[in-house]
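The values are calculated or read from the model by the stated rules, or taken from the named source; none is laboratory data. If you're wondering where the values come from, they're calculated on a predicted model, not measured in any experiment. Don't worry about glycine lacking a Cβ; one is built from the backbone with ideal geometry, like all the others, and counts go over all protein chains shown. What goes into the accessible areas is simple: the full protein's heavy atoms, side chains included, and nothing from ligands, DNA or RNA. Shrake-Rupley method; radii C 1.70, N 1.55, O 1.52, S 1.80 Å.
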Amino acid sequence: MAPLKLYSVSDSPPTLAVRLALKALDISHSLVDIDFAAGEHLTDDYAKKNPQREVPCIDDDGFLLSESIAILQYLADKYSKTDSIYPKDPQKRALVNHRLAFNLSTYYRYISEYVMAPIFFAYERTPLGLKKVNIGLNVFNTILERQGTKYAAGDQVTIADFALVSATLCLEAIGFGLESYPRVSQWYSNFKKDFPALWAEVEPGMKEIQEFDKNPPDLSALSHPLHPTKK
């Protein structure tokens, strides 16, 4: 059986979320770097693996799967030796699934639009974009406050935390402080302190985003079907 392959971009937050799961579950795998600047993700060859032409995508002995949330759920279901990381109890699992959906629909969506899109594409950071980020942070802070637990869906770390941490590190990369959201700040600090090996897996990606924010890459030659590139 061939080791699982992860098609990735090193500073992609959804990819980093999957890498957290692979590390936490101790899954043997190989990383296949996709050259984003060269448009490798847009090639017909890559589209055979992922018609969305995005990362991440996994190849688990011939089983191809994209979308980071689906990948996180699949990895936990197949490889976890306990159910703490993705509980089987319907209500506990529903909370994890909610946090994953919240990250996709709101939290990472707003953060990505404000942090990532202006670095790599011809978008600007606007007051409206900042307002959306604060809306997402306020909702997450309220969830943690009302729930009264250490992590996003309970007192145990779950795959939901992997997605949310990978979103939050984008804010750290641009120096966006979490002081106004004490529960989010504590949750983020707890993760780094409690899981140093996991944080070490994604910190280099955060630092790459940090460097790109200071010196945006030249992607003017990249023709993207959805997002205009900077000139």
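A few comments on the model shown:
- Residues being basic (K, R) and either open to solvent by 70 Å² or more (accessible area, probe 1.4 Å) or not in a helix (DSSP H, G or I) (or both) - total across region 6-26: 1
- Residues that are aromatic (F, W, Y) and closer than 24 Å to D218 by Cβ within region 37-76 comprise just one, Y46.
- Any hit, region 203-214, residues being over 19 Å from the mean Cα position of the chain (by Cα) and open to solvent by 20 Å² or more (accessible area, probe 1.4 Å): yes
- Some residue of region 84-91 being within 27 Å of A173 (Cα to Cα) and surrounded by 17 or more Cβ atoms within 10 Å (Cβ to Cβ): yes
- For region 59-79, the candidate set comprises residues that are surrounded by fewer than 19 Cβ atoms within 10 Å (Cβ to Cβ) and of a type in the set (G, A, S); within that set, the residue that is farthest from K5 (Cα to Cα) is A70.
Table: residues versus (1) modelled with pLDDT of 95 or more; (2) over 21 Å from V115 (Cα atoms); (3) within 19 Å of the chain's Cα centre (by Cα); (4) surrounded by 14 or more Cβ atoms within 10 Å (Cβ to Cβ).
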residue	(1), (2), (3), (4)
E145	yes, yes, no, no
D155	yes, yes, no, no
I159	yes, yes, yes, yes
S189	yes, no, yes, no
L198	yes, yes, yes, yes
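- Residue in region 79-91 that is farther than 16 Å from L20 by Cβ, in contact with a Cys (Cβ under 8 Å, 6 or more places away or on another chain) and touching a residue at least 40 places away in the same chain (Cβ under 8 Å) present: no
- Test for Y107: is it farther than 23 Å from E201 by Cβ and out of contact with any strand residue (DSSP E or B) (no Cβ under 6 Å at 6 or more places or on another chain): no
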